[in-house]
Amino acid sequence: MFLMKLASLKAGRDGRLVVVSEDLAWCAAPPPMWQTLQHVLDDWAHAEPILQGVAESLSHDAVPHSRFHEREAAAPLPRAYRWTSAAGDISADQLVPPRSHLTAPGAVSGHIVVVVGDLAQGASRAAALAAIRLIGVAASTDAGTSLSPVLATPNVLGARWQDGKLHGTLAIDINGAPAARLETGSIDLADLVESLAATRDLTAGTIISAVLTPAPLPLKAGDLLRVEMPDEKHHPIFGAIEQPVDA
């Protein structure tokens, strides 16, 4: 099974899906029947092996490709059917691009997120774990909610992904200075998915969030927010949410 990172370039309401190289430098288009990430999630069994083939070809320069620029990325899922957490549904059907300007001062909360496939009510933990399709990070502010530029399949994460837990550090910087460093390894995302599926069906494309910040961090006009999860070489695994706060 090949490593796969997915993003959406800005295009229309739902973006244009691309497969992104592991180092986030290059991207390639999938076959035309899968124009958006939601199409892929709705047809995962067929789409996943094809997109993995694109990812492998991209790694060998064996498929047409172009530079991937995070500033050109929409949210990977520009419109989410549902964004939910242990605390309840989050109002975030229209997701903010990760390099957009924030239109007002306020505060920011950092999240780790998973995107699931269809999961029936009452599913077991094993089924919940298997339903996790993609993983990323997110930031919620008064101006909206942003996903990381890229979402990754769990196998991209290697030892960082262990039995439903993402082991890493969510880094939140304001104006280039550390505002929070939040360890994620204690959060069982599979348990969270299972608990949410206990009372409802979950549809493909549902985003499930674990909020990490104990309290929102204040943002003022003129601030620059950056949210990422660095790897051992200090490169952002999912790209970076980087947003200036307008006056």
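The values are calculated or read from the model by the stated rules, or taken from the named source; none is laboratory data. Everything quoted here is computed from the prediction, not taken from an experiment. Glycine also receives a Cβ, built like all others from the backbone with ideal geometry; neighbour counts cover every protein chain displayed.
The residues of region 195-227 that are more than 21 Å from Leu147 (Cβ to Cβ), surrounded by 14 or more Cβ atoms within 10 Å (Cβ to Cβ) and more than 22 Å from the chain's Cα centre (by Cα) amount to a single one, Arg200.
Screening Ser109, Ser100 for residues that are assigned to a strand (DSSP E or B) and hydroxyl-bearing (Ser, Thr, Tyr) leaves exactly one candidate, Ser109.
Ser85 passes every criterion in (1) in contact with a helix residue (DSSP H, G or I) (Cβ under 9 Å, 6 or more places away or on another chain); (2) farther than 25 Å from Leu17 by Cβ; (3) surrounded by 22 or more Cβ atoms within 10 Å (Cβ to Cβ) apart from (3). Residues considered: Pro64, Pro31, Pro76, Pro49. Of these, the only one that is surrounded by 15 or more Cβ atoms within 10 Å (Cβ to Cβ) and either over 17 Å from Val115 (Cβ atoms) or touching a strand residue (DSSP E or B) at 6+ places or on another chain (Cβ under 6 Å) (or both) is Pro76. Just to verify a result, which residue in region 133-166, among those that are part of a helix (DSSP H, G or I) and either in contact with a Gly (Cβ under 7 Å, 6 or more places away or on another chain) or without any contact (Cβ under 8 Å) to a residue 40 or more places away in the chain (or both), is surrounded by the fewest Cβ atoms within 10 Å (Cβ to Cβ)? So the residue we want is Ala159. All of Gly158, Gly176, Gly185, Gly164 fail the test of being under 16 Å from the mean Cα position of the chain (by Cα) and of a type outside the set (Lys, Arg), apart from Gly164. For region 119-132, taking the residues that are outside any helix (DSSP H, G or I) and surrounded by 15 or more Cβ atoms within 10 Å (Cβ to Cβ), the one that is nearest to the chain's Cα centre (by Cα) is identified as Ile132. For region 59-78, the count of residues that are modelled with pLDDT under 95, farther than 22 Å from Gln243 by Cα and within 18 Å of the chain's Cα centre (by Cα) is zero.
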